[in-house]
1. Quick one: order TRP24, TRP55 from most to least accessible surface, probe 1.4 Å.
2. If I fit a long axis through the Cα atoms of helix 55-64 and take the longest principal axis of the Cα atoms of the chain, what angle between them do I get, 0 to 90°, rounded to 10?
3. List the trypsin sites (Lys or Arg not before Pro) within the stretch 117-173 that fall in a DSSP loop (any state other than H, G, I, E or B) and whose Cβ has at most 12 other Cβ atoms within 10 Å.
4. Answer with a single label: of (i) 37, 16, 14; (ii) 64, 17, 13; (iii) 48, 18, 13, which was calculated as semi-axes √(5λ) of the Cα gyration tensor in Å from the structure in view?
5. Measure nothing but the geometry: give the 0 to 90° angle between the long axis through the Cα atoms of 105-139 and the longest principal axis through the Cα atoms of the chain, rounded to 10°.
6. What do you get for the angle between helix 144-155 and the principal long axis of the chain? Use alpha-carbon atoms, 0 to 90 degrees, nearest ten.
7. Let me make sure I get this right: for the stretch 129-172, a, b and c are the square roots of the gyration tensor eigenvalues over alpha carbons, sorted descending. Under 1.5 in a/c it's rounded, otherwise prolate if a/b > b/c, else oblate. Which is it?
8. Quick one: grab the alpha carbon gyration tensor of the stretch 1-88, order the square roots of its eigenvalues as a ≥ b ≥ c, and give me rounded if a/c is under 1.5, else prolate or oblate depending on whether a/b is larger than b/c.
Amino acid sequence: ILDIPSLALVLRAGRAAIDAPVRWVAVSELENPTPYLDGGELLLTTGLRLGDDDWAGFVDRLTRAGVSAVGIGVGLTHERVPAGLVAAAEAAVLPLLEVPEPTPFMAVSRAISDLLAAAEYEAVTRTVEAQRDLTRAALAPEGAAAVVARLSGVLDADLVLLDPVGRLLHAAPREAATW
């Protein structure tokens with residue numbers, strides 16, 4: 001999301017956790033929005049009800065609720081990102097994004113939605129391709145061995161196929177047979 005130039009978002013804190021997955025975007029001006037969150041959100045706020053003494057508690061509540069990141073819109077309630085918010089987010093290793101005044105929260109939400117949809121489409125495409133490859137492997141003359149080899153590649157994992165009494169039939173990669 002930080003790489004979308006039109007949004008002009010700036011990371012102000014929490015760089016160490018910037019890869020935390022975002023499942024959705026929530027917008028709230030509540031002092032404690034956590035009862036309405038599931039975790040994994042990018043929470044957007046202008047900090048309307050929050051002052052200098054409130055940031056540490058606010059960030060603590062968001063962190064305990066599993067929020068992935070917080071974005072604060074500047075130029076309305078706060079002219080710049082409050083120093084107390086930056087300090088609290090950095091201490092909690094919670095990514096803090098500055099959302100400049102010309103960037104509406106709806107644009108951020110739409111961009112996240114588009115990224116999530118693209119990721120879901122990619123996952124479905126990979127699943128269909130894997131299913132097709134496994135079906136081809138099952139129909140190949142080497143059958144079970146080909147399925148084990150292809151599935152090992154798809155999962156990037158060591159796999160073994162055992163018969164009902166626990167004897168090794170196939171392994172992929174071959175080193176997996178030494179388990």
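The values are calculated or read from the model by the stated rules, or taken from the named source; none is laboratory data. All of these numbers come straight from a predicted model, not from anything done at the bench. Virtual Cβ from ideal backbone geometry, glycine too; neighbours counted across all protein chains shown. Ligands, DNA and RNA are excluded from the accessible area calculation, which covers all protein heavy atoms including side chains. Shrake-Rupley method; radii C 1.70, N 1.55, O 1.52, S 1.80 Å.
1. Reading off the accessible areas and sorting them downward yields TRP24, TRP55.
2. Around 20 degrees separate the two axes.
3. Values: sites: ARG126, ARG132, ARG136, ARG150, ARG167; in loops: ARG167.
The qualifying sites are ARG167.
4. So the structure-derived entry is (iii).
5. Around 0 degrees separate the two axes.
6. 10 degrees
7. Numbers: a/c = 2.70, a/b = 1.45, b/c = 1.87.
Oblate, because a/c is 1.5 or more while a/b does not exceed b/c.
8. rounded
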